[in-house]
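Note sheet for the following structure.
Each value in this text was obtained by applying a stated rule to the coordinates, not by laboratory testing. Treat the numbers as computed from the prediction; the structure is a model and nothing was measured. With ideal geometry, Cβ positions are generated from the backbone for all residues, glycine too; neighbour counts draw on all protein chains shown.
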Amino acid sequence: MALLEVRDLSVVFQRKGEAPFHAVDGVSFDVEPGQTVGLVGESGCGKSVTSLAIMGLLPKRGAKVTGSVTYDGTDLLKLSDKQMRDKRGSELGMVFQDPLSSLNPVVPIGLQVTEVLERHRGLARKEAMIEAKDLLDKVGIPDPNRRLKEYPHQLSGGMRQRALIAIALACRPKLLIADEPTTALDVTIQAQILSLMKELVQDLGTALVMITHDLGVVAGLCDEVNVLYGGKVVEKAMRHRLFAEPRHPYTHGLLASIPRLDAPRGEKLTPIKGSVADNIPWTSACAFAPRCPNALDVCRSVTPAEEDQLGRLLRCHNPVVPGTPAAEEVPV
Amino acid sequence: MSETLVSVQDMKVHFPIKRGVFFDRTVGHVYAVDGVDLEIKRGETYGLVGESGCGKSTLGRAMLRLNEPTDGKMIFDGQDFSTLKGEELRKMRRRIQMVFQDPLSSLDPRQSVESILVEGLRAHDLDEGKESTAKRLRELLTAVGLPTSALRKYPHEFSGGQRQRIGIARALALNPDLIVADEPVSALDVSVQAQVVNLLEELQEKFGLTYLVIAHDLAVVKHISDRVGVMYLGGLVEEATSEDLYEEPLHPYTRALLSAIPVPDPEVEDRRERILLAGDLPSPANPPTGCRFHTRCPWRQATKCDTERPALRELKPGHKVACHYAEQIRSGEIQPHEVKPILVEEGDGLSPDVPLVGPASVTEALNP
């Protein structure tokens, strides 16, 4: 059995007087220890809400979470707030996108690291401080003794993200969820952080859920990739297969619209037409149909079912046939 | 094609750091742009890349004189743009337009698209009667791929990609020679990003525009630029055609930058070697002596690097680099070595030898 089993997870946001909004719509995936699973998609595809739902961080009012999230045999969605607090930080770690707003600005870094150690491992302040120093050292923060006494604003963006990773790793969690951990950082710093995370997964056997919009990051880091669109997984495969042969028109379109560093000059990009605003609800159609170059009539009237094709899950009526170029794009 | 449209000579922008209440004492400077020379030919796209804080945006703004440069000249189409004043400057600005990063905050939320586009035309006396203006507006919207019904709408009614199209239409309205685009696609989703990149390329072909594209994403810059300049801490470290830069980066920083960019292909990702830079970008208020990059450079040598600032020199035709040891690094004579990260001081970044005397606030002044 996998360490984390997410089954049919749905999140519906409901406000009085407004139509319910299906942010996440029946997402399922497994994560094994030492494995990295990627959730990719553009803004609004539900990837961050998925991570918040797993960690139980969505507000109780207004957000309805259904399905099951089985971690090590227990359903996290059924746990009480108190039980969940014991899990978070000790067994489940999370790294957020913006390190400045997820660190407390008026508490020194050292205290924010030791807080976790004291709460979950019952260490005394002094022991915790020694441990915290080791942690900062491990994530590559120079001169950790001094940094422990400093406040978040005194650290650079990359150092803050490292501090956040140190906090998440303080209790050696079995599962780490990273929500766009490098989006706010420069590329050279991004490369530092990604290689650090890769190392940690290898050394500690942590299971990692990587949430990102950057297909390049996924290509280098993740074992299995889930491509999300409009709250549903539209394609799921191991990374080598997914990138070599994208079958869903959305995955295919995403890859064709990224300028590649190793592409010959003068090659035109093939964008996906329209924007996420053109989506139609999944209830009786494919949400991607209005933007899809392969759309058939059936795409607008029947919700495509998830099909298993030899280790690849695909949700599409008319997938891209490998080896053919994308359909000619009509400018919007 | 080979005619030079823009020539920037030894451009410097230093922002003073001020302290004190009663006396605005300058206690230091942020050396945002520190001596940049570059030339842009008519009809080409010049890409300026670098990480945040390297001064690329400031350079772009200083060229348009949105920030007054501290020193240096910009010659635009044979005229010295940096000494123009008043009405002459205003008239010249018609020929240099800008596209900003965040399309929502650079468009007035209370102006309709029509009024946004007409404003520039009026200011430069290009508004010749209702009919011709209406025709011009329709042309503009068709050029950027928006429906004519967009004219009566307001910026908030559009998606991010469409807003950026409005921003581009506004820049196009005045028939400029040069468009400076500061991070034109970085706020957009990838699928939409490609639409805007293609649009910029189409417009260039159609109207014979010259672009200066400023971006942090080297893949985007490489895709649309003819020539690329790489900036680090206020100075250009390398300049080459985009193929050349990718094929054979000569400056250690460019090498590290290129190796850090993820490629969406697992086969490539598994094979490639990463050059990881140690530590962070030093503070531009207190830049390192000598070569600005020597504190993080894996190829750093014992002499020259920390004492002498390298000048941009042509190593092969059209490929300039600012590194003392570029030839030796190219031939493999000098091998990279491990670098220990150096602490980078955040905050005001004042050098420690500047004494902070005098009151820093009103309370401090009243209760010494």
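With +1 on each Lys and Arg Cβ and -1 on each Asp and Glu Cβ, how big is the dipole of chain B about its Cα centre, in debye rounded to the nearest 20?
Roughly 840 debye, rounded to the nearest 20.
At 7 Å along the Cα-to-beta-carbon direction for both A:Thr183 and B:Glu39, put a label point, then send me their distance in nm to one decimal.
Modelled inter-label distance: 4.3 nm.
Using Cβ contacts closer than 10 Å as the measure, can you line up A:Thr36, A:Thr303 from fewest to most? List each step's numbers first, then the result.
Numbers: A:Thr36 23, A:Thr303 15.
Going from sparsest to densest Cβ surroundings: A:Thr303, A:Thr36.
Find how much the distance from B:Glu3 to B:Phe207 grows on full extension, using 0.36 nm per residue of separation minus their present alpha carbon separation; answer in nm with one decimal.
Residue separation times 0.36 nm, minus the Cα-Cα distance, leaves 71.8 nm.
Given H placed 1.01 Å from N in the peptide plane, which residues other than close sequence neighbours of A:Gly93 have an amide H under 5 Å from its amide H?
Amide H to amide H, under 5 Å and 5 or more residues apart or across chains, A:Gly93 pairs with A:Leu175, A:Leu176, A:Ile177.
When chain B is modelled as a GNM with alpha-carbon springs shorter than 10 Å, which of B:Pro282, B:Pro264, B:Pro298 fluctuates the most?
Result: B:Pro264 has the largest fluctuation of those listed.
Restricting attention to region A:23-75, which trypsin sites (Lys or Arg not before Pro) occupy a DSSP loop and are surrounded by at most 13 other Cβ atoms within 10 Å?
Those satisfying the criteria are A:Lys60, A:Arg61.
Taking loop as defined by DSSP and a crowding limit of 15 other beta carbons within 10 Å, which trypsin sites (Lys or Arg not before Pro) in region B:84-192 fit?
Numbers: sites: B:Lys85, B:Arg90, B:Lys91, B:Arg93, B:Arg94, B:Arg95, B:Arg110, B:Arg122, B:Lys130, B:Lys135, B:Arg136, B:Arg138, B:Arg152, B:Lys153, B:Arg163, B:Arg165, B:Arg170; in loops: B:Lys85, B:Arg110, B:Lys153.
Here the trypsin sites (Lys or Arg not before Pro) that fit, given the DSSP loop and packing criteria, are B:Lys85, B:Arg110.
Quick check for me: using +1 on Lys/Arg Cβ and -1 on Asp/Glu Cβ, what's the dipole size of the protein assembly as shown about its Cα centre, in debye to the nearest 20? Walk me through the numbers on the way to the answer.
Numbers: 83 positive and 96 negative charges, 315 e Å.
Magnitude of the dipole: close to 1520 debye.
Under 16 Å from the 7 Å Cα→Cβ point of B:Asp102, by amide nitrogen: which residues of region B:171-198?
Answer for region B:171-198: B:182-189.
Roughly speaking, what is the stretch gain from A:Val321 to A:Asp143, that is 0.36 nm per residue apart minus the C-alpha to C-alpha distance, in nm to one decimal?
Additional length available on full extension: 58.7 nm.
With chain B treated as a Gaussian network of Cα nodes joined by springs under 10 Å, which of B:Pro109, B:Pro310, B:Pro155 yields the largest mean-square fluctuation?
Residue with maximal mean-square fluctuation among B:Pro109, B:Pro310, B:Pro155: B:Pro109.
Could you check the spin-label model distance between A:Leu77 and B:Gln79? Points 7 Å from the Cα along Cα→Cβ, value in nm.
6.7
For region A:198-305, calculate the relative contact order in percent as a whole number, restricting contacts to Cα pairs under 8 Å that are 6 or more residues apart.
Values: 108 pairs, mean separation 16.9, N = 108.
It comes to 16 percent, rounded to a whole number.
Between rounded, prolate and oblate, where does chain B land on the alpha carbon gyration tensor, with a ≥ b ≥ c its root eigenvalues, rounded for a/c under 1.5, else prolate if a/b exceeds b/c?
oblate
Grab the other residues whose beta carbon is less than 10 angstrom from that of A:Ser48, score K and R as +1, D and E as -1, and report the net. Walk me through the numbers on the way to the answer.
Values: positive: A:Lys47; negative: A:Asp179, A:Glu180.
Net local charge, A:Ser48 excluded: -1.
Run the paramagnetic zone check for A:Thr303: 7 angstrom along Cα to Cβ, then residues of region A:23-62 with backbone nitrogen under 19 Å.
Output list for this probe position: A:23-29, A:45-47, A:50.
Across region B:113-125, in residue order, what do the Karplus-derived ³J(HN,Hα) couplings come to in whole Hz, using 6.51 cos²θ - 1.76 cosθ + 1.60 with θ = phi - 60° and x for Gly and Pro?
4, 4, 5, 4, 6, 6, 3, x, 4, 4, 4, 10, 6
If r is the Cβ-Cβ distance from B:Arg313 to B:Ala134 and R0 is 60 Å, what FRET efficiency results, to the nearest 0.05? Present the calculation step by step, with values, prior to reporting the outcome.
Details: r = 54 Å, r/R0 = 0.89.
Step by step, r from the Cβ atoms, then E = 0.65.
Along each principal axis of its Cα atoms, how long is the protein assembly as shown end to end? Whole angstroms, biggest number first, please.
Cα extents, longest axis first: 74, 66, 62 Å.
Tell me which lysines have Cα within less than 22 Å of B:Lys12's Cα, excluding those fewer than 8 residues away on the same chain?
B:Lys41, B:Lys56, B:Lys73, B:Lys85, B:Lys320
Test of understanding: given chain B, find the longest segment containing no chymotrypsin sites (Phe, Trp or Tyr not before Pro) that are in a DSSP loop and have at most 13 other Cβ atoms within 10 Å.
Working: sites that count: B:Phe22, B:Phe23.
Excluding the exposed sites themselves, the longest stretch runs over B:24-368.
For A:Tyr71, list long-range residues whose amide hydrogen, built 1.01 Å from N in the peptide plane, is under 5 Å from its own amide hydrogen.
Counting only residues 5 or more places away or on other chains, the set is A:Glu5, A:Leu76.
Listing A:Lys78, A:Lys87 from the residue with the fewest other Cβ atoms within 10 Å to the one with the most, what is the order? Intermediate values should be presented prior to the final figure.
On the way: A:Lys78 11, A:Lys87 19.
So the residues, fewest neighbours to most, are A:Lys78, A:Lys87.
What residue among A:Tyr229, A:Tyr250, A:Tyr151 shows peak mean-square fluctuation when chain A is described by a Gaussian network model with Cα springs under 10 Å?
A:Tyr151
Averaged over A:40-51, how many beta carbons belonging to a partner chain fall within 10 Å of each residue's beta carbon? Intermediate results must be reported in sequence, preceding the final value.
Details: counts 1, 1, 5, 4, 1, 1, 0, 0, 0, 0, 0, 0.
Average neighbour count from other chains, rounded to a whole number: 1.
Which net charge results for the neighbourhood of A:Pro290, defined as the other residues with beta-carbon distances under 10 angstrom from its beta-carbon, given Lys and Arg at +1 and Asp and Glu at -1?
Numbers: positive: A:Lys273, A:Arg291, A:Arg300; negative: A:Asp278.
Combined, the nearby Lys, Arg, Asp and Glu give +2.
Provide the per-residue ³J(HN,Hα) series for region B:184-195, in order, calculated from phi with Karplus coefficients 6.51, -1.76, 1.60 and θ = phi - 60°, each as a whole number of Hz, with x at glycine and proline positions.
x, 10, 6, 8, 9, 5, 3, 5, 7, 3, 5, 4
Inside 10 Å of the C-beta atoms of A:266-276, what's the mean count of C-beta atoms belonging to other chains?
Numbers: counts 3, 1, 6, 11, 3, 11, 6, 3, 5, 10, 5.
Mean number of neighbouring Cβ atoms from other chains: 6.
A:Asp278 versus B:Gln301, label points 7 Å from Cα toward the beta carbon: distance in nm?
Those two pseudo-labels are separated by 5.6 nm.
Rank A:Trp282, A:Leu77, B:Ser132 by how far each Cα sits towards the positive end of the charge dipole of the protein assembly as shown (+1 on Lys, Arg Cβ; -1 on Asp, Glu Cβ) and give me just the farthest.
The one lying farthest along the dipole's positive direction is A:Leu77.
List B:Glu238, B:Glu269 from most exposed to least, where exposure is judged by having the fewest other Cβ atoms within 10 Å.
On the way: B:Glu238 28, B:Glu269 19.
The order, fewest Cβ neighbours first, is B:Glu269, B:Glu238.
Normalising by the residue count of chain B, find the relative contact order in percent from Cα pairs under 8 Å and 6+ residues apart. Please report the intermediate quantities before stating the final value.
Numbers: 653 pairs, mean separation 70.5, N = 368.
That works out to 19 percent.
In sequence order, what are the phi-derived ³J(HN,Hα) couplings for region A:278-289 according to the Karplus relation 6.51 cos²θ - 1.76 cosθ + 1.60 with θ = phi - 60°, rounded to whole Hz, with x for glycine and proline?
With the stated coefficients, region A:278-289 comes to 7, 4, 10, x, 5, 3, 9, 6, 9, 4, 7, 3 Hz.
Mean separation of Cα pairs under 8 Å and 6+ residues apart, divided by the residue count of chain A: what relative contact order is that in percent? Don't skip to the answer; put the middle values down first.
On the way: 609 pairs, mean separation 61.9, N = 332.
Worked out over chain A, it gives 19 percent.
Tell me the angle of helix B:129-144 to the major Cα principal axis of chain B, expressed in degrees between 0 and 90 and rounded to the nearest ten.
In chain B, helix B:129-144 runs at an angle near 50 degrees to the longest axis.
Give me the extension gain from B:Gln111 to B:Met92: residue separation times 0.36 nm, minus the current Cα-Cα distance, reported in nm with one decimal.
On the way: separation 19, 0.36 × 19 = 6.84 nm, distance 2.49 nm.
Residue separation times 0.36 nm, minus the Cα-Cα distance, leaves 4.3 nm.
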